[in-house]
Amino acid sequence: MSVVPMTNNTVEIEPPVSLWRDAWHRLRRNRLAVFGLAVVVILAFTAVFGPYLTPYDFLSQDLNSRNMAPSLTHFFGTDDLGRDVFSRVIYGTRTAFLVAIVVTFIAVLIGVTLGALAGFFGGWLDRIVMWLTDMTMSIPNLLLVVVINASLKTPIASWMESRYLATLNPFYRETIWVDFLLVFGSMALISWPPYARLVRAQVLSIRSRPYITAAQALGLTNRIILMRYVVPNALGPLIVAVSAGLGTAMVLESAFSFLGVGVNPPTPSWGNMISDGLRVWQHYPHLLAAPAAVLGLASVAFSFLGDGLNDALNPRGAK
Amino acid sequence: MMMASDIRPEPTPKARERLLDVKGLTIEIETRNGPATIVDGIDLHVDKGETLGIVGESGCGKSLTMLSMMRLLPNKIRVTKGEANFGGRDLQKMSNADLRKVRGGEVGFIFQDPMTSLNPVMRIGQQLAEPLIYHRGMTKAEARKRAGELLKLVGIPGAEDRLDAYPHELSGGMRQRVMIAIGLACNPQLLIADEPTTALDVTIQAQIVDLVKELRDKLGMSVVWITHDLALIAGLVDRINVLYAGTVVEDAPVDALFDNPSHPYTQGLLASIPKLTDERSTRLSSIGGTPPEPGRRPKGCPFAPRCPLAEQVCHERVPSLEGVGQAGAHRVACFVAQRKLEAA
Ligand SMILES: Nc1ncnc2c1ncn2[C@@H]1O[C@H](COP(=O)(O)OP(=O)(O)OP(=O)(O)O)[C@@H](O)[C@H]1O
Ligand code: SF4
Ligand SMILES: [Mg+2]
């Protein structure tokens with residue numbers, strides 16, 4: 001059988017620490033990964049608590065102090081409406097994490113389910129899933145998102161409007177979550193195929209490992225084997241992919257905002273701040289520089305962390 | 001000593017009852033050049049309470065035969081002919097749901113490699129509990145308690161404390177004991193041990209053999225023990241089947257086989273025992289050549305290309321397994337051996 005033995009050593013070896021603690025030790029020795037982890041932790045903290053600690057409200061306008069350069073009162077200056085850019089970047093961190101987490105969560109859910117089923121059962125199920133994956137990947141991402149937004153935004157908005165007029169329920173007045181739903185939904189829709197491919201490949205390799213045959217020889221059902229034997233063993237590479245995927249999702253949101261299909265103002269997102277800043281960058285470079293720098297930092301941090309996790313979880317690949 | 005086999009009493013002759021009866025099982029593998037036969041119409045049987053040893057070189061199809069009975073073959077390898085009756089029911093035709101009850105519930109497996117046959121991310125207590133919950137309908141608490149007892153049964157020190165260990169926290173010998181415990185969890189009628197000791201060092205091998213012997217006598221089950229190592233199992237098994245290139249070439253009570261090996265391959269196997277014990281080599285140094293590859297089986301006797309006694313007929317016809325001892329208890333598939341014994 002095509003089996004990679006965990007160890008060729010036949011003498012008694014007793015690794016003193018668990019797989020995960022081992023991985024943690026290796027991660028800590030990787031400087032870039034530690035840097036990435038530190039930045040991610042700080043950003044996550046900012047996303048959760050930042051909005052309560054900002055010097056200004058992200059919406060409060062001060063028309064007497066518009067487009068001000070960075071100073072001690074406004075660390076990142078102010079924008080064309082006199083809003084504090086530092087506060088908006090901080091609030092944007094929350095948006096970025098919200099987008100990244102929700103999108104990645106949905107994409108992983110779809111990808112893991114389809115990939116695991118395809119890899120485990122093979123046959124026609126595999127062919128359908130692979131076809132879906134290839135189809136999705138062959139459609140240009142931005143095109144798909146623009147089409148979804150253009151075709152769904154207006155009908156949903158007008159439906160909401162009509163519901164509001166009919167019921168006077170203020171719920172239907174709130175359109176922000178519709179924007180979010182569309183942004184999240186369309187981003188997840190283009191983000192799941194890599195997860196499906198990864199998990200399918202993992203499952204294909206795990207399926208031929210002896211412990212799977214051993215589980216089948218115990219008479220366990222396919223469902224139990226899939227949930228308790230296959231999926232947990234495929235988790236390592238998935239964690240790595242998710243870490244990198246979170247960064248990618250943040251960048252993706254900016255790309256969408258730039259095209260005007262991202263998170264809508266006035267909710268601050270790094271993406272819509274960058275896209276606003278781009279229009280005036282010759283005059284007020286700080287409006288572009290501040291959100292772009294933070295986005296760049298976040299994306300680099302996630303990718304360092306992902307690489308570090310990859311090395312840490314593959315002891316054979318790491319030095 | 002010639003007739004030692006005939007003196008040895010059959011295990012309680014009247015109570016002999018077939019537990020496992022494999023008839024004409026043929027296994028083929030899908031290759032680039034079409035299907036190739038790996039196991040060619042094999043016949044095997046195990047009686048209730050009997051321990052059968054299966055020996056043969058690496059790659060002769062020992063593992064695949066056992067896996068195929070339980071329909072556990074990997075992709076691209078399948079059974080094309082034959083039946084495998086267990087307790088009177090053909091496992092090859094059984095529904096998946098019924099088969100799952102037999103797997104683990106009535107037939108326990110111990111696999112070749114304790115390093116890779118346990119789920120690395122599941123605590124061993126849970127791996128032991130899984131079949132108990134599934135086959136015996138135990139609650140989690142009951143299963144955990146029984147898992148602790150099983151670990152004690154297979155001689156793991158500090159059994160209960162080990163329930164929460166992950167496989168990599170145990171040594172190879174301990175892991176193999178865990179595998180045995182899992183195989184025994186549901187008190188199976190048949191335990192299939194596929195070279196359960198090859199990955200272990202010599203003293204632990206002997207301990208494992210003694211353990212299985214003790215448990216077999218205590219629990220009254222049948223055992224099929226697969227090995228390269230005839231010497232290791234001499235004291236454990238009642239009967240031995242020698243496999244060559246996917247067929248049984250000799251079937252004999254253990255003493256008869258050692259005293260009077262009839263097939264030239266068995267003779268070579270016995271002659272090479274000392275060499276086998278001091279290195280982990282699986283090649284038979286006393287017999288030149290290698291077994292035929294799947295898809296390149298000779299037309300006549302599969303052993304003919306390597307056989308020192310081969311005659312013209314050996315290259316033309318396949319010898320069948322025929323009785324040479326009293327009551328047909330000792331059977332051999334070799335033209336020359338059959339002729340010799342008839343003449344004697
Ligand atoms: N997954 C597989 N894919 C392709 N060929 C296989 C596979 N498993 C086994 N074979 C082939 O089938 C033949 C019989 O294999 P099997 O594992 O039954 O041998 P074995 O007698 O158990 O050997 P060993 O003593 O090494 O365990 C071998 O020639 C092997 O090359
Ligand atoms: S049948 Fe012929 S070739 Fe085969 S083992 Fe006997 S003597 Fe050798
Ligand atoms: Mg084998």
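Bear in mind that the values in this text are calculations on the coordinates, not laboratory data. Treat the numbers as computed from the prediction; the structure is a model and nothing was measured. All Cβ positions, glycine included, derive from the backbone under ideal geometry; neighbour counts span all protein chains shown.
Please identify every one of the trypsin sites (Lys or Arg not before Pro) in segment B:63-97 that sits in a loop by DSSP and has no more than 11 other beta carbons within 10 Å of its own beta carbon.
Those satisfying the criteria are B:76, B:93.
Report the charge-dipole magnitude of chain B in Debye, nearest 20, computed about the Cα centre from +1 at each Lys and Arg Cβ and -1 at each Asp and Glu Cβ.
860 debye
Would you mind ranking B:132, A:305, A:37 by Cβ crowding within 10 Å, fewest neighbours first?
A:37, B:132, A:305
Going through the cross-link list B:140/B:218; B:23/B:93; B:81/B:101, which pairs have a Cα-Cα distance over 18 Å in this structure?
Result: B:140/B:218; B:81/B:101 exceed 18 Å.
Give me the inter-chain shielding for B:106-118: mean count of other chain Cβ atoms within 10 Å, whole number please.
Working: counts 1, 2, 2, 5, 2, 5, 3, 8, 1, 8, 11, 9, 5.
Partner-chain Cβ atoms within 10 Å, mean over residues of B:106-118: 5.
Take the Cα of residue A:259, step 7 Å along the line toward its Cβ, and report every residue of segment A:114-144 whose backbone nitrogen sits under 20 Å from that point.
The answer is A:133-144.
Restricting attention to the alpha-carbon atoms of chain B, what are Rg (one decimal) and Dmax (integer), both in Å?
Considering chain B through its Cα atoms, Rg and Dmax are 20.4, 66 Å.
Where a Cα-Cα gap under 20 Å defines reach, which lysines qualify for residue B:213, not counting those fewer than 8 residues away within the same chain?
B:48, B:152
Given 0.36 nm per residue, what is the gain on full extension from residue A:29 to residue A:173 after removing their alpha carbon distance, in nm?
Working: separation 144, 0.36 × 144 = 51.84 nm, distance 5.20 nm.
Full-extension gain reported as 46.6 nm.
As an exercise, use a Förster radius of 30 Å and the Cβ-Cβ distance of residue B:187 and residue A:201 to find the FRET efficiency, rounded to the nearest 0.05.
Approximately 0.15, to the nearest 0.05.
Test of understanding: ordering B:42, B:240 by Cβ neighbours within 10 Å, fewest first, what list do you get? Mind dumping the intermediate values first?
On the way: B:42 23, B:240 26.
Result, fewest neighbours first: B:42, B:240.
Roughly what would the spin-label model give for residue A:52 and residue A:137, points 7 Å off Cα along C-beta, in nm?
A separation of 4.4 nm, rounded to one decimal place.
Report the calculated FRET efficiency for residue B:142 and residue B:76 (r = Cβ-Cβ distance, R0 = 41 Å), to the nearest 0.05.
My answer for the efficiency is 0.50.
Based on Cα positions only, what radius of gyration and what Dmax would you give for segment B:149-219, in angstroms?
Over segment B:149-219's Cα set, Rg and Dmax evaluate to 11.7, 31 Å.
Measure of size requested: the Rg and Dmax of the protein assembly as shown, with Cα atoms as the atom set and Å as the unit; please supply both.
In Å, with Rg to one decimal and Dmax whole: 33.6, 120.
In nanometres, what is the gap between the two model label sites at residue B:290 and residue B:17, each 7 Å from Cα along Cα-to-Cβ?
4.6 nm
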